[in-house]
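Working notes for the structure below.
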Amino acid sequence: MARAAVPVLSSLGPVVLDRDGGEPLHRQLYHALRQAVLDGRLRPGERLPPSRALAADWGLSRNTVVTAYDTLLAEGYVTGRVGAGTYVATSLPDAAPGSLPARDEVRRGIGLSDRGRVLAEAPAIARDRAGRPFALGTPALDVFPFALWAQLLGRCWRQGGRTLATEPDPLGYAPLRAEIAAYLRAVRAVRCEPEQVVIVSGAQQGLALLAQLLLDPGDEAWVEEPGWPGNRAALLGAGARLVPVPVDGEGIDVAVGMARGAGARLALVTPSHQFPLGVTMSLARRLRLLDWAAARDAWIVEDDYDSEFRYAGPPLAALQGLDGAGRVIYVGSFSKVMFPALRLGYVVVPPDLVEPVRAARRHFDGGTSVVPQAALHRFLADGHFASHLRAMRSLYAAKRSAILASIRDAFAGFATAEAGEAGMHVLLRLPPDCPDHALAGRAARIGLTTPALSGYHRDADGIAGNGLLLGFAAHEPAALDRAVRDLARLCVGDRN
């Protein structure tokens, strides 16, 4: 993006104009000069540069500068006449110079709604964009076929540009919805037709949309304990009252959920690969959860965020496929299989929710951008997705084995790894006298991203214990081994 920073006056300091931005240059110049007057950087009676000289210094047309000066003159910030000298007014229309608070002080005074405050104060989701070892949720971008993806984008635009440029269906691009429905039926045993598939801008948007549509402020919603902060934030944004339900080796404990929140309107679960513990929900728990939802007329939202990467046996059938009462809504994403910036996910809703969801999308954002949907349709239909997924499964299985071997060697007798049967991370269990949050802080100082298990608890007295989450998908085995040994030296080395 082309920008220019040129001092207009010594008292004004450098001003930046965004020449590629959406706001006209004369408005940008007007705002910059007006703010300088209000801040007191341009003082009452001070002369502004002649419009011709300022235009030459900035590489602007003289009309741009004249228009900005005329606006300031009309609003009373400057006096004089263009061509005969322009001066800062001695009496301002809004306030005296320096009397306005700074921009950040103004923003702190903005009143948020109750839900807005809850969202603003929700724990931040840690994002590591520097590619440091153990960052969570980052796929192996070095092996994604980006050249092929670029070709598909270009081909879709050339062949269907006029059609793709029209207003999108709020539910998504119809050919992509049909392809996703066929894939989910074949691979995940999801019971759905293309009409039930809704394309969203990432799974997080899908969860937020469902929460807004299905929950009233104050409604109870079950969340897994521990669990992903983003899921909780989506429910909090709808004003829900969260009911933390512990997770054990069989998944979410439905009996505890019924005792703590029998009247809940919704349960948000990750049955195929629970985050962060990595366990799979047992069949007994699945059936009991479905019975609860049917009896209470409640909703179950199944977040199937990375079950494609399963290393023991065939992919598990989705919870949605067992649902005979139409109470399960299935949510998935392509971000972890392909690349995070794609921001394309999908929601499979029961038939009677299709039209309410369509209306909600129409009012919220009108739908998701169509061009990447068309390219994704070709990526799936032409077999590229299946091929890429097979390659990633094999690659990640090797990396998973490598990091587990490194942990056994470097942490022998001190800590153990729990890998589960799927996913892109392992859980390193630590002894009680090695607090995970303290170790995570020390690891960050040597360039390692190791989220602490305790950070995913809503309640301080959770049952999951003490540990670190180690993502392995984005790094080669040798790099993972070095990082594991560096981490081990931080805690094991202190005792030797």
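Quick look at the numbers
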read-out	value
Cβ pairs under 6 Å, 6+ apart, first in region 257-271 and in the same structural domain as residue 307 (by TED's automatic domain parsing) and touching a residue at least 60 places away in the same chain (Cβ under 8 Å), second buried (at least 24 other Cβ atoms within 10 Å of the Cβ) and assigned to a helix (DSSP H, G or I)	268/231
Residue list for region 344-385, restricted to those being assigned to a loop (DSSP other than H, G, I, E, B) and more than 18 Å from the chain's Cα centre (by Cα)	349, 350, 366, 382, 383
Residues within region 76-120 that are farther than 30 Å from residue 232 by Cβ, modelled with pLDDT of 55 or more and among the charged types (D, E, K, R), tallied	1
Unmet requirement for residue 418, which otherwise passes all of (1) closer than 30 Å to residue 323 by Cβ; (2) in the same structural domain as residue 161 (by TED's automatic domain parsing)	(2)
Flag for residue 470 being crowded, with 22+ Cβ neighbours inside 10 Å, under 19 Å from residue 226 (Cβ atoms) and not assigned by TED's automatic domain parsing to the domain that holds residue 252	yes
Positions within region 40-69 being at pLDDT below 85, closer than 22 Å to residue 18 by Cβ and assigned to a helix (DSSP H, G or I), in sequence order	51, 54, 55, 56, 57, 58
Qualifying residue in region 298-315 (condition: surrounded by fewer than 19 Cβ atoms within 10 Å (Cβ to Cβ), among the small types (Gly, Ala, Ser) and without any contact (Cβ under 8 Å) to a residue 40 or more places away in the chain)	no
Complete set of residues in region 295-321 that are at pLDDT 95 or above and assigned to a strand (DSSP E or B)	299, 300, 301, 302, 303
Checking residue 452 against (1) in contact with a His (Cβ under 6 Å, 6 or more places away or on another chain); (2) closer than 18 Å to residue 396 by Cα; (3) modelled with pLDDT of 90 or more, the condition it does not meet	(2)
Count of region 1-36 residues which are under 36 Å from the mean Cα position of the chain (by Cα), at pLDDT below 85 and of a type in the set (A, V, I, L, M)	7
Verdict on residue 199 being closer than 23 Å to residue 321 by Cβ, in the same structural domain as residue 339 (by TED's automatic domain parsing) and under 23 Å from the mean Cα position of the chain (by Cα)	yes
Residue in region 326-347 that is within 12 Å of residue 189 (Cβ to Cβ) and surrounded by fewer than 19 Cβ atoms within 10 Å (Cβ to Cβ) present	no
Complete set of residues in region 218-231 that are surrounded by 24 or more Cβ atoms within 10 Å (Cβ to Cβ) and out of contact with any Lys or Arg (no Cβ under 7 Å at 6 or more places or on another chain)	222, 224, 226, 227, 231
Qualifying position, being at pLDDT 80 or above and crowded, with 18+ Cβ neighbours inside 10 Å, among 144, 134	134
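The values are calculated or read from the model by the stated rules, or taken from the named source; none is laboratory data. All values reported here derive from a predicted model rather than from experimental measurement. Ideal geometry is used to build each Cβ from the backbone, glycine not excepted, and the neighbour counts take in all protein chains shown.
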